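The values are calculated or read from the model by the stated rules, or taken from the named source; none is laboratory data. Values in this document were obtained by computation on a predicted structure and should not be read as measured data. Here the Cβ is made from the backbone with ideal geometry for all residues, glycine too, and neighbour counts use every protein chain on show. To get the accessible areas, we keep the full protein, side chains included, count just its heavy atoms, and leave off ligands, DNA and RNA. Shrake-Rupley method; radii C 1.70, N 1.55, O 1.52, S 1.80 Å.
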Amino acid sequence: LGLLYQEYRDKSTRQEIETRRLQDSQTDPEESSPSEETPSETEPTSTTENKAAPQINLLRNSNSRFNLWQDLPEIRSSGVLSILQPDEIKLQEAMFELVTSEASYYKSLNLLVSHFMENERLKKILHQSEAHILFSNVLDVMAVSERFLLDLEQRVEENIVISDVCDIVYQHTVNHFSVYITYVSNQTYQERAYKQLLQDKPAFREVISQLELDPKCKGLSFSSFLILPFQRITRLKLLVQNILKKVEEKSERETTALDAHKELETVVKACNEGVRKMSRTEQMISIQKKLEFKIKSVPIISHSRWLLKQGELQQMNGPKTSRTLRTKKLFREIYLFLFNDLLVICRQIPGDKYQVFDSAPRGLLRVEELEDQGQSLANVFILRLLENADDREASYMLKASSQSEMKRWMISLAPNRRTKFVSFTSRLVDCPQIQCVHPYVAQQPDELSLELADVLNILDKTDDGWIFGERLHDQERGWFPSSMGEEILNPKIRAQNLKECFRVHKSDDSQRRKLGSRNRQ
């Protein structure tokens, strides 16, 4: 608890990576991890239920550095470690981590407010509207965190053996965590305002630099404090998932964990959607201004439309039968804008404009990879429009700049085609997995941002260093450089990861089955 949340989170995820590395090298995934010094199994007795609870004032002690529940003096001296089963000790650690990480998070939020937001010099520099965009509703977020932490602390102090925390998570998520949606949805404007202030106001830049140098900040940047709420709500969902993997199946604690996870997933999705909606609207307006239609105009801006991928490809000139290297220019440049429901095919014209000469609904696109036909036709694929702008079928032979670019276009254009390792419709096939050891920020719409310790199924990979993956904890898919992760080679660990994933999302699956059944009726 002496750590700021940024430090706590980094330490926790790196420990998770090391634990998984160790498990991957072992033959039995059930062997204890280095951080879990569990005692030998002993039959549990009912005495733990009624054992008097010494007060654990851990959360009020800012100097405390204990990371594990079992390392607390109160726990060591109670004798409870010789009574509890190893699995129960692991569950206690998972619940305790949720509590201590919230305390660390609250400490960092408090520093953001007291050290930055309430700084008198900063207040004089910032206009009221600038301060509002920069700090948004962080006071509401901090108040919610404080209330949440107090309830968690009270639960920890009720008994040395924690009964549950997911019921508290559920209640607070349902009743209070909507403040996170407001804060995170403002992120696009917040980032832009911060960059603008650094650029336009030297006094602001100077004060921020001085405040960041304060020992309280431990070398962490101002922007790392601003992003805390988004990181926390995402991490909280993962902490509940970790508890869910450890509770006994079909128990009351499993039910509360599933309920808490479902509500957190709703909040996280709303946060993500809030961020995307802000940036997507501006992006669509920008694209609309650049397009000039040679064919019948198609309205681009729609509340349900967003960009998936854009970029230049080479189109082969002439019909397929006229392929000859003697042609002066075998390919010519075209530019594609692929939206979630529409493909627009253009040629770039002067003035940063694009002339549209064909289009088709995304659902009416088919792709086909050509066999290797020499260097000049490497990375070439066929794009078929089953019904184009002229209401007829059309085919384009397109060449990408690399193998990865070709595969990325093919998967974006026809997302339901089978990939190298597993069909999109199958969730039962063992396929390669990778864990993230370096964070990655997506640079293109078809890429996936990665956090440390993320575990992903590898759906496809290219020879030039790119992987198309599906993250297990939220089923998000996208491309990322293979250098960001390490493959999980132990098939038992892969199977265990999938089993845990299915368990976490089983309530979602049953809900989808019910919905599908109602739709069929």
Can you give me the pair-distance distribution of segment 170-266, C-alpha pairs, 10 Å bins, whole percents? 13, 32, 25, 18, 9, 2
For Leu211 and Asn110 in the same chain, what is the full-extension length gain: residue separation times 0.36 nm, less their Cα-Cα distance, in nm? 34.9 nm
For the pair Arg366 and Ala495, the simple spin-label estimate (label points 7 Å beyond Cα toward Cβ) gives in nm 3.9 nm
Can you list which of the trypsin sites (Lys or Arg not before Pro) found in segment 164-269 are DSSP loop residues with at most 16 other C-beta atoms within 10 Å? Lys218, Lys250
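If you take the beta carbon distance between Arg276 and Arg76 as r and set R0 to 56 Å, what does 1/(1 + (r/R0)^6) give as a FRET efficiency, to the nearest 0.05? Could you put the intermediate results ahead of the total?
Values: r = 48 Å, r/R0 = 0.85.
The pair Arg276/Arg76 has a calculated efficiency of 0.70.
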How many nm separate the modelled label positions at Glu292 and Glu333, each set 7 Å beyond the Cα in the direction of the Cβ? 1.6 nm
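Assuming R0 = 25 Å, what is the FRET efficiency of Arg347 and Asp391, from their Cβ-Cβ distance, to the nearest 0.05? Walk me through the numbers before you get to the answer.
On the way: r = 22 Å, r/R0 = 0.86.
E between Arg347 and Asp391, to the nearest 0.05, is 0.70.
Starting from 0.36 nm per residue, how many nanometres of slack lie between Ser25 and Gln128 once their C-alpha separation is accounted for? List each step's numbers first, then the result.
Working: separation 103, 0.36 × 103 = 37.08 nm, distance 5.56 nm.
So the chain would gain 31.5 nm between Ser25 and Gln128.
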Sorting His505, His303, His438, His176 by accessible area (1.4 Å probe), largest first, what list results? His303, His438, His176, His505
Note on segment 66-286: C-alpha Rg/Rh, Kirkwood Rh, two decimals, gives 1.04
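Give me the number: length gained by fully extending Ser402 to Leu220, i.e. 0.36 nm times residue separation minus the C-alpha to C-alpha distance, one decimal in nm. The partial results should precede the final answer.
Details: separation 182, 0.36 × 182 = 65.52 nm, distance 3.86 nm.
Length gained, Ser402 through Leu220: 61.7 nm.
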Could you give the distance between the Cα centres of segment 330-400 and segment 87-165, to the whole Å? 50 Å
